[in-house]
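S.K.: This is the structure I have questions about; it appears just below.
Quick note: the coordinates plus some simple rules give every number you see, no bench work behind them. Here the structure is a predicted model, which means the values were calculated and not measured. Neighbour counts are summed over all protein chains in view; Cβ atoms, including those assigned to glycine, are modelled from backbone coordinates with ideal geometry.
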Amino acid sequence: MKIIFAESHNLDRPDPLGSHQYIRLFKEEGHDCLWLGPAVSPMHLFKLDSLNRHRFRIWRGGPRRVDGIDWMVPFSLLFYYNLPLLRSNQIGRSQYRFCLPPLANKLIKMGFIPADLLWCAGPAALSLLDLVPHGMSCYRLADRLDKFSRIPPGVGELQQEMIRRVDFVLATSQSLLEWAREVRKEGVYYLPNGVGEHFFEPAAEPPGDFPGGGKPVAVYLGTIDTRFDLETLAHGVLAMKNFHFLLIGPLTDKSLKPGLKTLLEEKNITWLGPRSHHLAPAYLQHAELGLIPFRQNELTEAVNPIKYYEYLACGLPVVAPPLRELAAMQGPIYAYRNREDFTAALQKAQTAGAKEREEGRAYARQQTWRSRYEELKDIMANKQA
């Protein structure tokens, strides 16, 4: 099959998401795969951070291959963004129509038109449903984008339009499943996140920057964004001096920067920033427990955290608020409802024995990306029948 993944993240991002896992599994089975996007535009010339500079390099160099997967960054004159004029839904529906050179011409030259599967990861891919002849289309619905800050206000409408138009929808949480089924009754499937098999490998030596000192380490692996409850974490850092708190991942919500900077003055917390995903198990396997310090709101109600499976795969008890999706999965968790509960949950999780940790690993073994991929293939076979 020829498969196009229309994406909003780079193919080589250090912390791969679900689409990264699926495209690599498709490639492993011998399919021709193209990672399309995210696009660059004249607007990005005024926001030349490291991410956008990298995307411009990919665009200037032309399509490249990463582990056998083609990656193309198109150039679009207009880009759907939360700024006057650019935030209109018409721009959101038409982004790929403004590419120079025309996107369809490039895809023909690369041999990806017609495509057998058009995989859409966001509403910006709406125009591709018309521009790219394809045999089947799907929308992997992983977030309620309308619940994020600094997102165009009409993005929820565009998400619903995508839900209506594709051949089938893959919802990663029960909340998203229900939302999609308000739009259409058929062709919507629950396919949550999973865990990479390398998280089950025997423990490696602790990385050189892993905090020492003999204290049990409570680790958070992931992006520090609008979902992150810095106040509750700070309460734990200040109240639990017998723990060392380790944060691994990028900071994307700049409003948290002052508070995080102040918190880092404490001696029992370390923030390492992003680390390559293949190194993540080495950090987790030497920690004592895993943290998901998320706020409870409409945004996190729709979250199926990948880190939950990764923690369990490495034998870590998980401390998290009773997010709807975590409760629905009925997996092992030490839940807390407020800041005082957070410290109590930390203390209780620390007492988890070898049997309980192995039970968590056994649960995670049933949730691998490969097993999700087999479910996906069954869905596709049923749609083709």
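S.K.: Could you name the lysines whose alpha carbon sits less than 20 Å from that of Lys215, not counting residues in the same chain fewer than 8 places away?
M.R.: Within the straight-line limit of under 20 Å, Lys215 reaches these lysines: Lys241, Lys267, Lys348.
S.K.: Here's something else I'd like to know. Let me know the shape class of segment 39-123, please: from the alpha-carbon gyration tensor, a ≥ b ≥ c as square roots of the eigenvalues, rounded when a/c is under 1.5, otherwise prolate if a/b is greater than b/c, or oblate.
M.R.: Oblate, because a/c is 1.5 or more while a/b does not exceed b/c.
S.K.: Estimate the FRET efficiency between Lys241 and Arg184 by the formula 1/(1 + (r/R0)^6), using the beta-carbon distance for r and 51 Å for R0, to the nearest 0.05.
M.R.: 0.45
S.K.: Given H placed on each backbone N at 1.01 Å, which residues far from Phe294 in sequence or on other chains put an amide H within less than 5 Å of it?
M.R.: The answer is Asp229.
S.K.: Moving on to the next point. Need the list of lysines near Lys2 for cross-linking: C-alpha distance under 28 angstrom, and skip anything on the same chain fewer than eight residues off.
M.R.: Lys27, Lys106, Lys109, Lys377, Lys383
S.K.: How large is ³J(HN,Hα) for each residue in segment 114-131, as worked out from phi by the Karplus curve 6.51 cos²θ - 1.76 cosθ + 1.60 (θ = phi - 60°), to whole Hz, x for Gly and Pro?
M.R.: x, 9, 7, 9, 10, 9, 10, 10, x, x, 4, 7, 3, 5, 5, 4, 9, 7
S.K.: Here is a follow-up. Using the basic label-point model (7 angstrom from Cα toward the beta carbon), what is the Asn338 to Ala362 distance in nanometres?
M.R.: 3.7 nm
S.K.: On to the next question. Express in whole angstrom the spacing between the alpha-carbon centres of segment 89-151 and segment 1-73.
M.R.: 13 Å
S.K.: Using only Cα atoms, find the angle between the long axis of helix 230-239 and the longest principal axis of the chain, and express it within 0 to 90 degrees, rounded to the nearest 10.
M.R.: In the chain, helix 230-239 runs at an angle near 20 degrees to the longest axis.
S.K.: Taking θ = phi - 60°, what integer Hz values does the Karplus form 6.51 cos²θ - 1.76 cosθ + 1.60 yield along segment 19-26, in sequence order, with x for Gly and Pro?
M.R.: Coupling constants for segment 19-26: 4, 4, 5, 5, 5, 6, 6, 4 Hz.
S.K.: Can you tell me how segment 197-365 classifies by the Cα gyration tensor, rounded, prolate or oblate, using a/c under 1.5 as the rounded cut?
M.R.: Taking the square roots of the gyration eigenvalues as a ≥ b ≥ c, segment 197-365 is rounded.
S.K.: Based only on other Cβ atoms within 10 Å, what is the fewest-to-most ordering of Ile58, Ile306, Ile379?
M.R.: The order, fewest Cβ neighbours first, is Ile379, Ile58, Ile306.
S.K.: Using θ = phi - 60° and the Karplus relation 6.51 cos²θ - 1.76 cosθ + 1.60, list the HN-Hα couplings for segment 58-75 in order, rounded to whole Hz, with x at every Gly or Pro.
M.R.: Rounded to whole hertz, the list is 5, 4, 5, x, x, x, 10, 10, 10, 6, x, 9, 6, 9, 10, 9, x, 10.
S.K.: Another question, then. Just checking my list (i) 141; (ii) 150; (iii) 208 against volume of the Cα convex hull per residue in Å³ computed from this structure; which label fits?
M.R.: Label (i) holds the value from this structure.
S.K.: Please enumerate, by chain and number, the aspartates and glutamates with C-alpha under 18 Å from the C-alpha of Lys257, excluding those fewer than 8 residues away in the same chain.
M.R.: Asp49, Asp225, Asp229, Glu231, Glu265, Glu266
S.K.: Still on this model: Take every DSSP beta bridge with both residues inside segment 197-365 and express the antiparallel ones as a percent of the total, to the nearest 5.
M.R.: Taking every DSSP beta bridge within segment 197-365, about 5 percent pair in antiparallel fashion.
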